[in-house]
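Right, one structure below, let's go through it.
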Amino acid sequence: MNKSKKILSLLLAGLLTLSVAACGQQQTVTNNDQGSSSSEASQASEESSDLSSGERPTEPTGQMVIGSINQVINEFYDTGFSTSETNYNMYNLIHGGYDTVVFSKEGEFQYNDTVVASHEETENEDGTKTYTVTINDGLVWSDGTPITAKDYVFAVLLENSDEMAGVDGYPCNSGYTYVGYDEWLDGSADAFAGVHLVDDMTFSLTVKAEELPYHYDITYALLRPRPLHVIAPECDVEDTENGATITGDFTTELLQETINNVDTGYRYNPKVTCGPYLFDNFDEASQQATLKANPEFVGDYRGVKPSIETLVIKTVSSDTMMNELESGSVDLLYGCSGGDTINAGLDLVEEGKAADTTYMRNGYGKIQFDCSVFPTDSQNVRQAIAYCLDRNEFARQYTGGYGSVVHSFYGLAQWEYQDSVEWINENLNTYEMNVDEAKKLLEADGWNLNADGTPYSGTGTRYKEVDGELKPLVITWCNSEGNPVSELLATMLPETMAEAGMQLQATTTDFATLQNGILHAGDTMYNMYNLATGFATANSPWYYFSSDEAWMGNYNTNWIADEELNDAVMPLKSIPYEDSEAWLEAWQNFIKVWNEKLPDVPLYSDEYYDFYSTRVQGWENTATWGWQNAVLDAWVSE
């Protein structure tokens, strides 16, 4: 099979966190009671779209209200500050119009023809590789200021600087592959050696020899501009023989004001941008953001511009969102999952009150462990928890037949999974519920004492002596409110965990607080969380499970530092993009080791549905395209 024809993974940069709720094996089962397979449902949706009335307007008009089960939060910069899936999509709409490299609707990385006038790749004698990119004239920021190569170079310098690292711990690791990164970040060099401002419209990026070859090598040329005149108005970008640099009074104090000011900063109120939509406002009370079509935007890589004037992205409840769709207070519910939700949506479709599009999930729902927190830093404890859950029954109840159990780091939409079904069935531990096996694992891990230090009696909470202190086997669990997955886990896990000798302590909170716990940015860290993940277009597990401290938190959100897992995942990084056979072999080895180390308990991967108002026209979404892209092709009829 030609890899270009296979489905890759969803969304760029890092894994995105989603609140696992109703909207957001190995045989996949579609609920036959609905009378159609997923492919038939997709065909019916396309036919419905073909029969819809109205023509695409020539100018943006109307409003679309998009409902998200994932809490809309006050973050509008990038994943360095928040990886919330809903806000990530808004980052792309607000800032992502003029990226130099894009992921196409057909599932390929390519240079953005709207932005890139020319590009050249040069392999240097020292093993490094230089990407030289010239951008087109005529691109402007939303305030009319011309976009030049300085804005692209400024983005690299800014977001890999010690000054930016001082802004709420921004990770500053996007440019680590470029020559001179370490010296620029730590301040020992006054220029970024691998980054050059060649002329007003041209920049170059030189990649370290040790970062080559690379599976997604075209993405080394991917930059997203930032407005120099807004973020560092008294500064400039200049080129020297030693690389590009920022001149003027460029300090953390400056960025705290221009980026981090809660009222006017670019993180919370970005008013000068270049995406297809402009940030208008965020309402904290209603947890919704409003975006307006950018009149200065000249089009995506295809030249497509928005046809919808206003987007309102609002937080919805899984309990009431279908009622909102039916009443017209919401126009789109994307990525809906779970049998109850899907069946309710299909009822609206059957009644002619909504339309639908369906696609397989490019990710999975999960219990995510923090592997740096006692006692889930123990592989035995993590495996024991997995043995305490009937995952097949969980998937059956939650998905209602619209999904299946998965056993490692993969989703149903991935070509690797589709090519490996038989191998997966033969090689991965399925962790069928087995409390006795959980007990054996805990005994082997030293959990053999009662609270008074006597040998474990066989009932109650187990204890273990750690550095001369008796510690109980307590698992702290953070989950988000109004989440049906949390509710189902709460009925299935505590009793069996208690039977094995573990005490489960649950905390229910909002999704923003849960995410802060995962990132170690809040006051409390927990042993486990339930949520979901969507894979990146440049799906890069070598960052997500690297033992390198540099990736902990922002990419490696399991905080797992396991050398065997690290050694299993790293070979994927250098396999040429075209070598599908080598990639698949390495991928299978990686997911087998992952299945043993178990940084997550995978719960399910499933079929997604987008349900939308019949006044929404031209809606085409897929596992790898995303609503933030699909909205550019859509319009609304009044």
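The values are calculated or read from the model by the stated rules, or taken from the named source; none is laboratory data. This one's a predicted model, so the numbers in the text were calculated from it and none came from an experiment. No Cβ is skipped: glycine too gets one built from the backbone with ideal geometry, and neighbour counts run over all protein chains shown. What goes into the accessible areas is simple: the full protein's heavy atoms, side chains included, and nothing from ligands, DNA or RNA. Shrake-Rupley method; radii C 1.70, N 1.55, O 1.52, S 1.80 Å.
Numbers at a glance
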| item | result |
| --- | --- |
| Scope the range 254-290; condition of a type in the set (A, V, I, L, M) and farther than 18 Å from His95 by Cβ; matching residues | Leu254, Val262, Ala285 |
| Given (1) open to solvent by less than 30 Å² (accessible area, probe 1.4 Å); (2) not in a loop (DSSP other than H, G, I, E, B), number of the condition Ala536 does not satisfy | (2) |
| Members of the range 146-165 that are within 17 Å of His196 (Cβ to Cβ) and assigned to a helix (DSSP H, G or I) | Ala149, Lys150, Asp151, Tyr152, Val153, Phe154, Ala155, Val156, Leu157, Leu158 |
| Tally, over the range 540-566, of residues that are assigned to a loop (DSSP other than H, G, I, E, B) and open to solvent by less than 10 Å² (accessible area, probe 1.4 Å) | 6 |
| Pair list, Cβ < 8 Å and 6+ apart or interchain, from the range 172-199 residues that are open to solvent by less than 40 Å² (accessible area, probe 1.4 Å) and part of a loop (DSSP other than H, G, I, E, B) to residues that are modelled with pLDDT under 95 and of a type in the set (S, T, N, Q) | Asn173/Asn554 |
| All positions within the range 598-615 that are open to solvent by 10 Å² or more (accessible area, probe 1.4 Å) and of a type outside the set (Phe, Trp, Tyr) | Ser613, Thr614, Arg615 |
| Selection count where residues are of a type outside the set (Val, Ile, Thr) and surrounded by 21 or more Cβ atoms within 10 Å (Cβ to Cβ), scope the range 483-503 | 8 |
| The lone exception for Arg267 - which of (1) closer than 28 Å to Gly618 by Cβ; (2) crowded, with 19+ Cβ neighbours inside 10 Å; (3) of a type outside the set (S, T, N, Q); (4) out of contact with any Leu (no Cβ under 9 Å at 6 or more places or on another chain) it fails | (1) |
| Options Gly243, Gly248: the member that is at positive phi and either surrounded by fewer than 18 Cβ atoms within 10 Å (Cβ to Cβ) or within 26 Å of the chain's Cα centre (by Cα) (or both) | Gly248 |
| Every residue from the range 408-419 that is buried (at least 20 other Cβ atoms within 10 Å of the Cβ) and among the polar types (S, T, N, Q) | Ser408, Gln414 |
| Residue, modelled with the highest pLDDT, within the range 270-287, restricted to residues that are in a loop (DSSP other than H, G, I, E, B) and open to solvent by 60 Å² or more (accessible area, probe 1.4 Å) | Lys271 |
| Scan of the range 112-143 for residues that are in a loop (DSSP other than H, G, I, E, B) and of a type in the set (S, T, N, Q), ordered by number | Asn112, Thr114, Asn124, Thr128, Asn136, Ser142 |
| Contacts under 7 angstrom Cβ, first residue in the range 419-448 being in a helix (DSSP H, G or I), partner acidic (Asp, Glu) and open to solvent by 60 Å² or more (accessible area, probe 1.4 Å), 6 or more apart | Val435/Glu499 |
| For Gly338: the one exception among (1) at negative phi; (2) at pLDDT below 95 | (1) |
| Among the candidates Thr86, Thr100, Thr128, Thr134, residue that is within 30 Å of Asp510 (Cβ to Cβ) and among the β-branched types (Val, Ile, Thr) | Thr86 |
| Lone qualifier among Asp347, Asp331 - being buried (at least 16 other Cβ atoms within 10 Å of the Cβ) and modelled with pLDDT of 95 or more | Asp331 |
| Thr258 being surrounded by 14 or more Cβ atoms within 10 Å (Cβ to Cβ) and under 28 Å from Phe282 (Cβ atoms) | yes |
| Within the range 288-324, considering residues that are open to solvent by 50 Å² or more (accessible area, probe 1.4 Å) and part of a loop (DSSP other than H, G, I, E, B), the one modelled with the lowest pLDDT | Asp319 |
